[in-house]
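Could you have a look at this structure, given as structure tokens, before my questions?
The values are calculated or read from the model by the stated rules, or taken from the named source; none is laboratory data. Computed from a predicted model, the values in this text were never measured in an experiment. Every residue, glycine among them, receives a Cβ derived from its backbone with ideal geometry; neighbour counts consider all protein chains shown. Only protein heavy atoms, including side chains, enter the accessible area calculation; ligands, DNA and RNA are left aside. Shrake-Rupley method; radii C 1.70, N 1.55, O 1.52, S 1.80 Å.
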Amino acid sequence: MYLNSVTLVGFVGADPELRQSRSNGSKFAVLSVATQRSWKNSEDEWVSRTEWHRVSIFREKLATAVAENIRKGSHVLVEGSLISSTYERPNGKSKKAGTAKITSWSIRADVVRKLDRGEVEPEVPAANGNAELDSPAF
């Protein structure tokens, strides 16, 4: 058995783009999601790196819902599969210049969930003299 499954939890880098297929006119969305990984380097210092992931959503209802409800900065969970695309690009302009094969990777999403609920955090009342603060209700 073979398995191609990807789960990402990250933040959206730009508002989703809703596009339309040239071949059959169906709608799809493209989303940019950032994840971050951290590690200690040889000097025992923490280093982090941000990875950007291109997410394509071909299920039309999901694509429309993502375009309407997800915005730049949203915290999201994406589940789907890894897809590769290979194309050739000219490598220079000289007579002997050839072409370079480029492979790009993207995620074909089956599920996109918004993790931030947009709830307002409760405010703590200001302290009056020596009066104790009431703990906020959740």
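Determine the order of Trp46, Trp52 by accessible area, beginning with the largest, at a probe radius of 1.4 Å. All intermediate terms of the calculation are to be shown ahead of the outcome.
Details: Trp46 180, Trp52 150 Å².
Correct descending sequence by accessible area is Trp46, Trp52.
Oh, and also: Amide H neighbours of Ser74 under 5 Å, counting only residues 5+ apart in sequence or on other chains, H built in-plane at 1.01 Å?
Residues meeting the amide H criterion: Val12.
How high is the FRET efficiency from Gln36 to Asp116, r the C-beta distance, R0 22 Å, rounded to 0.05? Spell out each step's value before the answer.
On the way: r = 16 Å, r/R0 = 0.74.
FRET efficiency, Gln36 to Asp116: 0.85.
Just how much of Thr35 is accessible, in Å², when a 1.4 Å probe is used and the result is rounded to the nearest 10?
About 30 Å², ignoring ligands and nucleic acids.
Express in Å², to the nearest 10, the accessible area of Leu82 obtained by rolling a 1.4 Å probe over the protein heavy atoms while all chains stay in place.
70
Past 20 Å, Cα to Cα: identify those pairs from Lys72/Lys114; Lys27/Lys101; Lys27/Lys61, in the order given. Don't skip to the answer; put the middle values down first.
Numbers: Lys72/Lys114 12 Å; Lys27/Lys101 29 Å; Lys27/Lys61 9 Å.
Where the Cα-Cα span goes over 20 Å, the pairs concerned are Lys27/Lys101.
Let me ask something else about it. Roughly what would the spin-label model give for Ser48 and Glu68, points 7 Å off Cα along C-beta, in nm?
3.4
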